[in-house]
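Chemist: Starting off with a structure, shown below.
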Ligand SMILES: Nc1nc2c(ncn2[C@@H]2O[C@H](COP(=O)(O)OP(=O)(O)OP(=O)(O)O)[C@@H](O)[C@H]2O)c(=O)[nH]1
Ligand SMILES: [Mg+2]
C-alpha cells in the first residue's frame, strides 16, 4: 500500500506531538502541577525533561527534512501578447537568478535543452540582436531547480516555465487555424489551466499606445482566468482562485522616471490601472494572491547597450520571488 507524503507527514507529526504530550503529562503528574517545582526535583529528572524537549525538536527537524527530500513541482505560465517581451524576460531572468543567491533563493537551470537555449539566446542578445518571435506550435519549456529558505528549513522546487507564442492572445478568431483547434482545446490553454502560478505580461509601450486591441486582450485574459477558476474550484466556482496571479508590466524602461527610481510614479501607476481596469478589478476580486510588477528586462531602451554587454535588468526577479514566497 502506498501512502501520500502529506499523509505520512501528518501521521509522524501526530506521533511526535502525542509523545510530547504524554511526556509532559507524566512529568507534571509526578512532580506537581507547576513547572516551578522543577527546582525540587533532582538533577536527573530535570535532565530527562530537557531530553524530551530535545527529542521533540529533533523529531520536528527530521520530519521537515523528510517532507522536503523530494522537490515540489511548480509550473509557471508566462502569458502575454506577441512582442510583450516574454522570451527576452525569461532569458534575463535565468541569467539574474543563476548569478547569485537572492534572498535565500538558489536557482539553476535543469536539463541540457534549457541550458543550451538560455546560452544561445544570451549570445544572441550580447551580439545586439533580440530573439526571433515565438510562433504558434513553437513553445519552449524552461526547466530549473530552485531551493528557497534558510539553511535548516529550505524547500526544493522543480520549476517549469513555458514560453508560448503571444499570438494565441492576439488572434481575432477563437479558432486557431495553425493548429486546427479552438482556443480552449490548444496545448497553450491546457497548460495555463494546469499551472500553479500565472504571470500575465503586458508591455508598457502597448499600454500607453491607446490601442483598441487592449480591450479584446483583457476579455480573453478574463475569460481564461474564469475557466481556470471553474476548473480549480469545481465545487464552488464563486470561491477565490488560490493560484497566484501576477500582472507584469514589461519594458518599463521606456518611462524615464522608472529608469531612475525603479518604480513608476503614482500618476503612471494610476494611468496603467485605468487602462487595465477590467483585468485588474477582476484579479483583485477573484484571486486570493494578486500583485502588479513593473519590470524591465534590459534596463534601457537603447539596443547599443547589448553590444557593450551593459544591460541592467530592473525588478525582474520580483515575480518569481513572490511566487516562491520569498518576496
Ligand atoms: N525597451 C525594451 N524593449 C524590450 C524589452 N524586452 C523586449 N523588448 C522588445 O520587445 C521585442 C519582443 O520581445 P520578445 O521577448 O521576443 O517578445 P515575446 O513576448 O516573446 O513575443 P512572441 O514570441 O511573439 O510571443 C524585442 O524584440 C525587443 O524589441 C525590454 O525590457 N525593454
Ligand atoms: Mg517569444
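Computed from the coordinates by the stated procedures, all read-outs in this text should not be read as laboratory data. Please read all numbers here as calculations on a predicted model, not as lab measurements. All Cβ positions, even for glycine, are placed from backbone atoms using ideal geometry, and neighbour counts span all protein chains on display.
Chemist: Which of 16, 248, 28, 235 has the fewest other C-beta atoms within 10 Å, and how do the rest follow up to the most?
Modeler: Least to most surrounded, the residues fall as 235, 28, 16, 248.
Chemist: Remind me, what semi-axes does segment 72-323 give for its equivalent ellipsoid, largest first in whole Å, using sqrt of 5 times each Cα gyration tensor eigenvalue?
Modeler: Semi-axes (√(5λ), whole Å): 26, 23, 20.
Chemist: Within the chain, what percent of beta bridges assigned by DSSP are antiparallel, to the nearest 5?
Modeler: Numbers: 19 of 42 bridges.
Taking every DSSP beta bridge within the chain, about 45 percent pair in antiparallel fashion.
Chemist: With angles folded into 0 to 90 degrees, how steeply does helix 5-31 sit against the dominant principal axis of the chain? Use alpha carbons for both and round to 10.
Modeler: 30 degrees
Chemist: Further, regarding this structure: Please list, short to long, the whole-number percent of alpha-carbon pairs of segment 220-324 in consecutive 10 angstrom bins beginning at zero.
Modeler: Final binned percentages: 14, 36, 30, 15, 5, 0.
Chemist: So which residue, out of 105, 51, 121, gets the largest mean-square fluctuation from a GNM of the chain using Cα contacts under 10 Å as springs?
Modeler: Sorting by GNM fluctuation, first place goes to 51.
Chemist: Need one number for segment 127-180: average projected area of the convex hull over its C-alpha atoms, nm².
Modeler: 6.8 nm²
Chemist: So, one more: Can you pull the one-decimal nm distance between simple spin-label points at residue 194 and residue 300, each 7 Å off the Cα toward Cβ?
Modeler: My value for the distance between the label points is 4.3 nm.
Chemist: A further question on this structure: If r is the Cβ-Cβ distance from residue 281 to residue 22 and R0 is 41 Å, what FRET efficiency results, to the nearest 0.05?
Modeler: So, using R0 = 41 Å, E works out to roughly 0.15.
Chemist: Gaussian network model of the chain, Cα springs within a sub-10 Å range: biggest mean-square fluctuation belongs to which of 84, 238, 224?
Modeler: Highest fluctuation among the options: 238.
Chemist: When the C-alpha atoms of segment 106-228 are aligned to their principal axes, what extent does each axis show, in angstrom, from largest down?
Modeler: Each principal axis gives a Cα extent; for segment 106-228 these are 49, 38, 33 Å.
Chemist: Can you give me the relative contact order of the chain as a percent, contacts being Cα pairs under 8 Å and 6 or more apart?
Modeler: Values: 461 pairs, mean separation 58.0, N = 327.
Relative CO of the chain lands at 18 percent.
Chemist: Treat each spin label as a single point 7 Å out from the Cα along the C-beta direction, and report the residue 223 to residue 184 distance in nm.
Modeler: Going from the residue 223 label point to the residue 184 one covers 1.0 nm.
Chemist: Please compute the length gained on full extension between residue 143 and residue 209, using 0.36 nm multiplied by the number of residues separating them and subtracting their Cα-Cα distance. List each step's numbers first, then the result.
Modeler: Numbers: separation 66, 0.36 × 66 = 23.76 nm, distance 3.43 nm.
Extra length available between residue 143 and residue 209 comes to 20.3 nm.
Chemist: On a full-extension model of 0.36 nm per residue, what is the gain between residue 288 and residue 127, subtracting their alpha-carbon distance, rounded to one decimal in nm? Each step should come with its number before you reach the end.
Modeler: Values: separation 161, 0.36 × 161 = 57.96 nm, distance 4.22 nm.
Taking residue 288 through residue 127 to full extension adds about 53.7 nm, to one decimal.
Chemist: Let me ask something else about it. Under a GNM of the chain (C-alpha, springs under 10 Å), which listed residue has the highest mean-square fluctuation: 246, 100, 83?
Modeler: Judging by the Gaussian network model, the answer is 100.
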